[in-house]
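**Student:** Got a structure for you, questions after.
The values are calculated or read from the model by the stated rules, or taken from the named source; none is laboratory data. Every value quoted in this text rests on a predicted model; they were computed, and no experiment measured them. No Cβ is skipped: glycine too gets one built from the backbone with ideal geometry, and neighbour counts run over all protein chains shown. Note: areas computed on protein heavy atoms with side chains; ligands, DNA, RNA excluded. Shrake-Rupley method; radii C 1.70, N 1.55, O 1.52, S 1.80 Å.
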Amino acid sequence: MASSSSSRILLLLMLFLTASASDDAMRDDERAPKSESCNNPFQLVKVENWADGEKGLTHSGMTARFGSSLPEKAENSVRTPAILSNPSDCCSPLTSKLFESVALCIRGGCDFQVKATFAQAGGATGVLIINNEDDLAEMVCSNSTVANVSIPVVMITKSAGEALNASLASGKRVEVLLYAPPRPLVDFSVAFLWLVAVGTLVCASLWSDLTTPEKSGERYNELFPKESRNAAAARGGYDKEVLKINSKAAVVFVIAASTFLVLLFFFMSAWFMWVLIVLFCISGVQGMHTCITSLTLRKWQNCGQKTVNVPLFGEVSIFSLLVFLFCVAFAVFWASTRHESYSWIGQDILGVCLMITVLQLAQLPNIKVATVLLSSAFAYDIFWVFISPLIFHESVMIAVARGDKAGGEAIPMLLKFPRLFDAWGGYDMIGFGDIIFPGLLVSFAHRFDRDNKKGALNGYFLWMVIGYGIGLVFTYLGLYLMDGNGQPALLYLVPCTLGVIIVLGLIRGELKSLWDYGTDSSLSTEPSYSEV
């Protein structure tokens, strides 16, 4: 039940990989040619369909830069027959009768504008262009052509097109209804994520205070030596289990994380994703087990009095064993149902317990190391989200977080919450790394305040928590201003935490103390990262 140092370091590397991101399908290619007649924003479209009056699955689509707009509500749209065009690519005058119908055209052969122009000339009231893969591409204008298209033009995925074509091929009358419901500016899920992220950070910082036994726990430690190490680490009371990070290790850590991220980007696959899921489950079980046992044994230490001999583990607490089996069952249930609509609950529970435990296992000794680590993380986040597309033609971090090369299976190192008031559904998310790395600094601020007997207002912990909360607000504000495209959360969180503690230290004349805190060897005997 105890974890090794190498597995903890691997876990920290994995936590570093995720950025705060949403899974919107909306994209906007500003490099594409635009004109007065070709300047529409891309809109997500719902494509409802019926075959001989029987309603089918609702498909998703995306509008083009050109053409007319669609109504926002289904009741303001009209059910229209859908007809497969002839020729099927719509690249020449159409011979099929399209009057008051929506034309189905396959992608390829000519420009999107040409397809729409021929469909419009044939009497179509709209065009559905079937993509050649299960994705939605941006339909833009050619360089010098004026788009004289006055009907809506929508792209649908290959699988959606095949479903419509199958109904038409069987002789059924197919009707479609197109509308483009807008996304809400703010969804309740953002407020929930804000509360969970800030709450996790506060709980992790105060964990040693929350789990310190009310009475002596020597009897428990004597009976369960294997358990006591993890429980002690969760309470922050045993130095041997704490990893002290130094400046050199912080830089090496960021370099290693970048290397790991690139490997994931190039070699991500379904089996690799399963490796990450298994690692997440193992780490989540350890974190959940530690949290439950620590909180329970604080109040009821007698729960750990009865023991049993377990192969490979020796004598362990029956209570600890039962909690461990419960945590394993919980993780297995989550892994087997991770595609269900409710799976985010299990993922968030495992993730919160994992992050609380990690923040007990790793500590920053002073602001000097914090500056090196968070500044490196700041550059890391910006490079792999914003600059990497210039080299790899897409954002490496967002591609890895979404699982683009693993069949859309997203990596589980994320907290997420469903968009309850969004017609398009989906999730808002925040990466574990966006809580862990600022959390290391916030935890240091709490230890510094406690050791120096500082109050809430003249200390640093409260202001770190407030700064982190404000940084998250800025993160999600940036997310919405960027139309849901992924944001490097540390771009906002680092200035709002590291910047705040440095400014406060300067104002109070305590920056030198914060900078060199813990350098006296008499103050700490924990091994550093470089010694692990």
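**Student:** Quick one: check the C-alpha center-to-center distance for the range 65-92 versus the range 102-140, whole angstrom.
**Tutor:** Cα centroid of the range 65-92 versus Cα centroid of the range 102-140: 9 Å apart.
**Student:** Measure of size requested: the Rg and Dmax of the range 357-492, with Cα atoms as the atom set and Å as the unit; please supply both.
**Tutor:** In order Rg, Dmax, the Cα atoms of the range 357-492 give 17.0, 53 Å.
**Student:** Still on this structure, I have one more. Using unit Cβ charges (K, R positive; D, E negative) and no other charged atoms, how large, in debye to the nearest 20, is the dipole of the range 325-442 about its Cα centre? Present the calculation step by step, with values, prior to reporting the outcome.
**Tutor:** Details: 6 positive and 9 negative charges, 43 e Å.
Computed about the Cα centre, the dipole is about 200 debye.
**Student:** Right, next: Pull out a ≥ b ≥ c, the square roots of the eigenvalues of the alpha-carbon gyration tensor of the range 94-150, then state rounded if a/c is under 1.5, prolate if not and a/b is larger than b/c, and oblate in the remaining case. It would help to have the intermediate numbers written out before the result.
**Tutor:** Details: a/c = 2.02, a/b = 1.20, b/c = 1.68.
Taking the square roots of the gyration eigenvalues as a ≥ b ≥ c, the range 94-150 is oblate.
**Student:** Could you list, in their original order, any pairs among K244/K453; K368/K454; K73/K158; K158/K416; K55/K115; K46/K158 whose Cα atoms are separated by more than 18 Å? Mind showing how you got there, number by number?
**Tutor:** Details: K244/K453 22 Å; K368/K454 21 Å; K73/K158 25 Å; K158/K416 29 Å; K55/K115 28 Å; K46/K158 15 Å.
K244/K453; K368/K454; K73/K158; K158/K416; K55/K115, as the Cα separations exceed 18 Å there.
**Student:** If you don't mind, another one. With a 1.4 Å probe and every protein chain left in place, tell me how much accessible area W515 has, in Å² to the nearest 10.
**Tutor:** 90 Å²
**Student:** Accessible surface of Y427 in the full protein assembly, 1.4 angstrom probe, to the nearest 10 Å²?
**Tutor:** 50 Å²
**Student:** Take every DSSP beta bridge whose two residues both sit in the range 35-121, then give the antiparallel share in percent to the nearest 5. Mind showing how you got there, number by number?
**Tutor:** Values: 7 of 10 bridges.
Counting only bridges with both partners in the range 35-121, antiparallel ones make up about 70 percent.
**Student:** For the range 298-372, rounded, prolate or oblate, judged on the Cα gyration tensor with a ≥ b ≥ c (square roots of eigenvalues), a/c < 1.5 rounded, else prolate if a/b > b/c?
**Tutor:** Numbers: a/c = 2.44, a/b = 1.16, b/c = 2.11.
Here the range 298-372 falls in the oblate category.
**Student:** Apply the a/c threshold of 1.5 to the C-alpha gyration tensor of the range 235-325 and tell me whether it is rounded, prolate or oblate.
**Tutor:** Working: a/c = 3.11, a/b = 1.71, b/c = 1.82.
In terms of gyration-tensor shape, oblate.
**Student:** Turning to a different aspect of this structure: Between the range 390-452 and the range 297-331, what is the separation of their alpha carbon centroids in Å?
**Tutor:** 32 Å
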